[in-house]
Each structure stands twice: as C-alpha cells, then as structure tokens.
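Everything on this sheet refers to the single structure shown next.
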Amino acid sequence: MSTLTERLAQVASAQAPPPPITIPFENWAPDRAALGNPGATKMQNVFPAEDGYRPVGDLAAQTDALTARCQGHGASVDTEGDVIQYAGDVSKLYHLLASAWTDGSKAGGYATPADGRWEILQFGDSHLVATNYADAIQFVSPGGTAFTDLLTSTLTPKCKTMGVVRDHLVLGYTNDAADGVVPNRIWWMAAGDPRDADPNAATLADYEDWEEDAGGGVQRIIGGVEYGLVFFPREILRMTFQGSPTIFRFDSIDRQRGTPIPGSAIAHGRLVGFISDQGFCIQDGVETHQIGDGFVDRTFWNQFDLVNASRVTAGFDPVEKNFLWGFPGSGNVGGIPNLIYCYNIVEKKWSEIEKDHDLIMRALTTGFTLDTLDTIGTDIDDTGPFPFSFDSSAYTGGLSRLAAFGTDKKLSYFSGDNLAATMETGDFQPNPAGLSTCQSLRPLITGGDTAVSGTITGSFASRIRQSDAVAFASAANLTTDGLATLFSNGRYHRAQVKVPAAAVWDRALGVQIEAALAGNK
C-alpha cells in the first residue's frame, strides 16, 4: 500500500503541467514535409551558424553609384599591398578612388550585352584582366586606372570565361579571326605572359577543343595553383599542368553534373560551389557533393526565374563561412535578383535572405588614403585617434569580405542595421493521441554580451488536419518573462518568431513551447 506521502506526490505529478517543449532552430529544409521535419520550414534573413542562426545586416553603401547596373567586379593588389577595386557595366570599366568610381575605359567604351557579364581577375603582379566576350580582352596594371587591349600576339581571341592555372591565363568559349566561335575550346596563354595567345611549344601556349562536350560550351573556368576546373553544362574537367609536349592534361571528373549557370560558380580554397541542373553542389577537385538535395533544391527550382538566369551571381563570406547564391526568384520585378540562398560549409546548414540586389561577390576591403583617414581620426598630427602606426598594413586594406552591388548601383557591405528576420519550426504534435493547446512561446534569442533590443513577437499556426491550410494567428509581444502568451488549439502546431528590422541581437537558438493536452479526438 502506498504511503500518504507517495500518494500526494502522485496527485501532484498528475496535476502538474507538462514540461516545456524545446525546439532548436535546425537546418532550413523547405523541401521536406513540415510534419516530422528535423529542420525548419523558414529561416529568412539570417545566417546559418553553430547553435542556431545569426542576424544579417542590411546593405550599407561604401561608394558612389556606377552609371549603369554592375555586371562584374574584381580587385587588384599591387606590389605595395594596396588594393584597388574595379567594376564593369554595359559600356564602361571603372576603378575605385576613395569612394568614387572613375571611368577607366578604353576609347569608345564597350558593348556588354544585357545578359552578359564581366569577369575581372588578377594575373600575378603584372596584369588585371577583364573580359565580357563582346569586346577584346582588357587589362590594366594592378593599381592602374586606364584599361587597354590585352593581347599583342597574332591571334587575339575573345572569351566568355577565364581563369589563372599555375602561371597560365586560360580562356574558355573563344572567338577568334581564324576559327570563329568555338564554344568548347580551352585556350591557355604563354607561360608567365598573358598577352601571348599564339600556340608555340617554346612558350607553352596552346589550346584544347574538348570534343566530348554534350553542348553549351565552356561555362566557367576556376583557376588554381595545382590544377584548374573547367565547367561545361553537364561535365567538369580537371586540367593539370604536365609540361611539354602536352602542357596540360584533362580528366573528366564528373560527366553528370556541371553548370548551365556560369555566374553560380564560386571558389573558396579547394571548394567550388555551383548550381547544376540537379541542384546545388560543391566540387572539391575530385568529387561532386550534392548539398541541396532533400533541403532546398526543389524549392529553388520552383522559385527560380529561368528567363533571367544570367542575373545569378555568387559570393563567399569568409567570416560566416557561407557560400551565397543570389538569383531572381518569386516576386522579382523585371528580373532583378531578390533572393539569396546561404550554405554554411562548417555546419552544413541553409538559410534564405530576401534582398533586392544587382550582384553579390567576395570583395577585398580598400585601404585608406590621406584623404580618407579622417574617417577614423581628425588630425593627422595627433596620433591619439589613430589606433596603429601609419606604416601598419591596417591602412592598406586587402581583407576578404562579402559584398554586393545594390539596386542603387553602389558597392556595399552587409554591415547595416539587421534585416527583419522570420524563423519557423516544422509541425509538432504535443499530444500524440489527440488535441492540444499551445499556451505560450518563448524565443531563445541572445544578445551576446548585450541586451537584445527590438519588439520580438511569437505566433502559432495550429490545425486539426495536415490537409488544412497553414495560417498563423495574430502575433503576441513578449512579456517581461520573455513569453509570448498565446492560446492556440489544434492537433498540429507550428511556431513562428519574428525579429524586427534594426533590432540588436546575436543568435537565435530556438523556441520553448508550453502546451496542455486538450482531449483525444
């Protein structure tokens, strides 16, 4: 027989409310069913991170505007370590002085098509090279300001894409006076000399026409020290230097996946992220990994505006460790990219950013000049306001950072006030046998070392059947105890948390739900 103490404990236990349900914010997986989804159904305007998600800053302009939409960007580092940014639009190539874009085009300018793009890259210490396929390949000395035609050889091919492999400038999808347009041609310049395209055993300049190409031609060349990668729409080649007489060896390392979207390929070390016709992938030089399968691929293709595929651009964020792809998706106006998908290579998690932009990229921070030092100090004779010696590399720039050109045509960093964020769980069922009432929601959002600011709200979408429409009830503000008090009845529930724009916060970990059983049904 139970003692009185034991019986009272049993009664108290029976009357006690069930403990809160803690649901962490896991990987965004909109391709999966909401019920039983191990991830989240919505993670908007946040970066994937360890232990949850982090805020995304709005675009903060760093420069004045180009005269037209940016269609390509690059940066050079001269022998003194100084950084100059370059950009191209429909008719001009620019260099950045302080915060002003200055026209550095050759006489007559350029004729970049509306669906074309500039590729701009540095070759050693001697050449900053730019191509748009419509015009002759351009170059300027790193740190220089006036572009001119690159090639001085007899043959002067144009190209859609290019990369630096070992000490060769390599062109892809070429057009020259002798052979015309050759989509599947891979053409490398003389060793150490990007101005010489004439095939020659002594200079090691030559080309390879890849006859196994299934159609579409060379889409992108990603350079490297040990090897380069050549992307066709449905094939990837690895090109490795061998020396004379073959010069480069070509191995097909993937005959199922390449990219039909050249702007989607972006490198970070040995990793290259890209969009194949099967979805999002990462290539490591040996193997292709499908990173979007079962998470975002289906959602992407349902959203993607294929007519404006040429507007896709990509970047890498070295701070947050994210690959990012910007594209025109659902709700875009006139083909302007309005969505960005983020993939964290460490946590292997996804998120989505909703922000209109023209181009995203990885940029190098620009150093300070005597004219721009007053942004951190007011008197050059007073060393107090300046944190470093004037010989310090801190004033020369060169840090790799995620950047973008907004629709205002200005180079910007994601360093403005935090964007408004929305986070949603999958469907959960507190009462496996029937109905339940979700009574409150506690967002687990931290401010790091500071207090969280902004009016955070919570809401539930509850329904009896999985076939019912998902509709979130009116959101509730948080009480002084950090709870959004709500009473929402149903069998299946989904939680939503919203953080307003300009709120200050550090990390969103998940939510705690208080629910009560509401009978079997």
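The values are calculated or read from the model by the stated rules, or taken from the named source; none is laboratory data. Given the structure is predicted, the values throughout are model-derived calculations rather than measurements. Cβ sites come from the backbone with ideal geometry, for glycine too, and all protein chains shown count toward neighbours. Each accessible area value is taken on the protein alone, full model and side chains, heavy atoms only, with ligands, DNA and RNA left out. Shrake-Rupley method; radii C 1.70, N 1.55, O 1.52, S 1.80 Å.
For the chain, what is the accessible area per residue in Å² when the probe is 1.4 Å?
43
Taking the simple approach of a point 7 Å from Cα along Cα-to-Cβ for both residue 286 and residue 244, what is their distance in nm?
Result for the modelled spin labels: 3.4 nm.
List every residue whose amide H lies under 5 Å from the amide H of residue 133, counting only residues 5 or more places away in sequence or on a different chain, with H placed 1.01 Å from N in the peptide plane.
159
Listed highest first by mean packing, meaning other Cβ atoms within 10 Å per residue, what order do 222-228, 303-309 come in?
222-228, 303-309
Using amide H atoms built 1.01 Å from N in the peptide plane, name the residues 5+ places from residue 415, or on other chains, whose amide H lies under 5 Å from its own.
60
A 31 angstrom limit on the alpha carbon distance is what I want to check against. Which of 92/349; 106/410; 158/348; 42/92 exceed it?
92/349; 158/348; 42/92
Compute the Rg/Rh shape ratio of the chain: radius of gyration over Kirkwood radius, all on alpha-carbon atoms. Show your work: numbers first, answer last.
Values: Rg = 27.4 Å, Rh = 25.6 Å.
Checking Rg against Rh, the ratio lands at 1.07.
Provide, in order from the shortest bin, the percent of all Cα-Cα pairs of the stretch 267-312 in each 5 Å bin, continuing until the bin that contains the maximum pair distance.
For the stretch 267-312, the pair-distance distribution reads 5, 21, 26, 21, 17, 9, 1.
Assuming 1.306 mPa s and 10 °C, estimate D for the stretch 435-510 with Stokes-Einstein, Rh taken as the Kirkwood radius over Cα pairs, in µm²/s. Working shown, then result.
Numbers: Rh = 13.2 Å.
The estimated diffusion coefficient comes to 120 µm²/s.
Whose amide H sits under 5 Å from the amide H of residue 420, counting only residues 5 or more places off or on another chain, with H placed in the peptide plane?
501, 502
Show log10 I(q)/I(0) for the stretch 177-238 at q = 0.13, 0.21, 0.23, 0.24 Å⁻¹, two decimals, from a solvent-free Debye sum over equal Cα scatterers.
The calculated log intensity ratios at q = 0.13, 0.21, 0.23, 0.24 Å⁻¹ are -0.38, -0.94, -1.07, -1.12.
Between the stretch 23-90 and the stretch 225-289, how far is it from one alpha carbon centroid to the other, in angstrom?
The stretch 23-90 and the stretch 225-289 have Cα centres spaced 23 Å from each other.
With both bridge residues required to lie in the chain, what share of the DSSP beta bridges run antiparallel, to the nearest 5%? Show your work: numbers first, answer last.
On the way: 143 of 147 bridges.
Bridges in the chain are about 95 percent antiparallel.
Share of the chain's accessible area from carbon and sulfur, percent, 1.4 Å?
So the carbon and sulfur contribution to the accessible surface is 50 percent.
Which value at 222 nm does the chain reach when only helices count, each DSSP H run of 4 or more adding -39,500 (n - 2.57), with the total divided by all residues and rounded to the nearest 500 deg cm²/dmol?
Computed mean residue ellipticity for the chain: -1000 deg cm²/dmol.
So what is the diffusion coefficient of the stretch 399-445 in µm² per second by Stokes-Einstein at 25 °C and 0.890 mPa s, using a Kirkwood Rh over Cα pairs?
156
Taking K and R as +1 and D and E as -1, what net charge do the other residues with C-beta under 13 Å from the C-beta of residue 181 add up to?
Cβ neighbours under 13 Å give a net charge of 0.
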